[in-house]
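Structure record follows, encoded as structure tokens.
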Amino acid sequence: MSAALVKELRERTGLGLLECKKALAAAGGDIEVAIEELRKSSGMKAAKKAGRTAADGVVAIRIAADGKSGVIGEVNSETDFVARDENFAGFVAQVMDKAVELQTDDVAAVAGGDIEDARQALVQKIGENINLRRVERVEFEDANAGIVESYIHNNKIGVLVAITGGEESLARDIAMHIAAVNPMVMRAEDVPEEVLAKESEIYSAQAKESGKSEEIVKKMIEGRLRKFIAEVSLTEQPFVKDPDTKVGGLLKEAGADIVQFVRFEVGEGIEKEEEDFAAEVAAQLSN
């Protein structure tokens with residue numbers, strides 16, 4: 001087989017060098033026959049789809065029966081259509097069962113073995129790239145330490161929260177607030193120094209352009225930093241159900257405190273591919 005022919009088959013299928021060589025040899029050098037036979041093989045669709053960006057999907061949560069631990073996971077698909085498919089939902093349930101069974105947030109551990117077999121089978125059946133992106137656990141080692149609660153919005157945003165003191169309803173309200181407002185940290189003192197330094201640099205450049213005195217510029221920067229810290233800190237934010245009350249005040253009134261929270265939003269941080277559908281259709285018609 002010529003190197004050019006093998007190269008073309010690899011580009012058109014996304015499969016490995018040896019597999020393409022074997023397919024061409026079996027097809028007598030006819031690339032279209034080779035493609036047809038490869039399309040019938042069990043692995044080609046998964047291999048062909050693996051390069052596509054899976055930036056949709058769902059967030060799922062499981063809370064232990066005793067309410068002392070929970071696990072949150074994000075399973076991605078390429079489209080929301082597949083994310084709403086019952087086969088996809090079944091796979092997500094398998095993933096979450098495995099995460100609970102292993103009591104881990106190690107994605108590789110959860111995604112291996114029977115879960116990987118199920119994933120590949122689903123990719124074959126549905127025709128989209130599917131993967132487990134992340135898993136995280138929240139738990140209390142002491143059974144009497146506190147409460148773990150959750151909130152999910154349209155299966156796209158999920159929150160796990162752990163509080164000490166207070167009731168389950170309070171924990172759910174805090175989780176709902178986190179889902180809606182998306183705080184960066186729990187408390188003002190938790191804001192990373194590098195984040196403050198970056199914001200300070202931005203505010204400094206903005207303030208200096210105002211032409212005001214150095215002393216006033218300094219006060220402007222300090223004021224903007226205080227406002228920024230309050231906006232990104234959970235306990236300093238106005239509670240979404242009652243903007244006159246800060247989340248910190250709500251917790252204090254209930255004799256409660258927040259220990260940890262995890263917020264997942266489907267696709268956050270994933271660079272999505274820009275697709276030219278007209279070009280894709282034209283390419284398909286030309287084959």
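Structural remarks
- Cα shape, the stretch 125-205, gyration tensor, a/c 1.5 rule: oblate
- Listed values (1) 1.02; (2) 1.35; (3) 1.09, entry calculated as Cα Rg over 2.2 N^0.38 Å: (2)
- Residue-averaged 222 nm ellipticity for the chain, from DSSP H runs of 4+ at -39500 (n - 2.57), nearest 500: -15000 deg cm²/dmol
- Solvent-accessible heavy-atom area per residue, rounded to whole Å², over the stretch 79-196 at 1.4 Å: 50
- Using only side-chain charges placed at the Cβ, +1 for Lys and Arg and -1 for Asp and Glu, the dipole size of the chain relative to its Cα centre rounds to 560 debye.
- When you filter the trypsin sites (Lys or Arg not before Pro) in the stretch 165-250 for DSSP loop state and at most 13 other Cβ atoms inside 10 Å of their Cβ, you are left with LYS212, LYS241.
- Positive-end extreme of charge dipole, the chain - chosen from SER213, ALA197, GLY127 (charges on Cβ): GLY127
- Compactness index (Cα Rg / 2.2 N^0.38 Å), the stretch 98-237: 1.51
- Along the chain, the longest continuous region that contains none of the GluC sites (Glu not before Pro) in a DSSP loop with at most 13 other C-beta atoms within 10 Å is 1-140.
- Backbone phi angles across the stretch 238-250, fed through the Karplus curve with coefficients 6.51, -1.76 and 1.60 (θ = phi - 60°), yield HN-Hα couplings of x, 4, 4, 7, 8, x, 7, 10, 7, 4, x, x, 4 Hz in residue order; Gly and Pro are listed as x.
- Spatial separation of Cα centroids for the stretch 74-108 and the stretch 214-265, in angstrom: 33
- Among LEU234, LEU38, LEU17: highest mean-square fluctuation, GNM of the chain, C-alpha pairs under 10 Å: LEU17
- Environment charge of SER69, counting only residues whose C-beta is closer than 11 Å and scoring Lys/Arg +1, Asp/Glu -1: 0
The values are calculated or read from the model by the stated rules, or taken from the named source; none is laboratory data. As the structure is a prediction and not an experimental result, all values here were calculated from the model. Cβ coordinates were reconstructed from backbone atoms using ideal geometry, including for glycine residues, and neighbour counts include every protein chain displayed. Heavy atoms of the whole protein, side chains included, go into the accessibility calculation; ligands, DNA and RNA do not. Shrake-Rupley method; radii C 1.70, N 1.55, O 1.52, S 1.80 Å.
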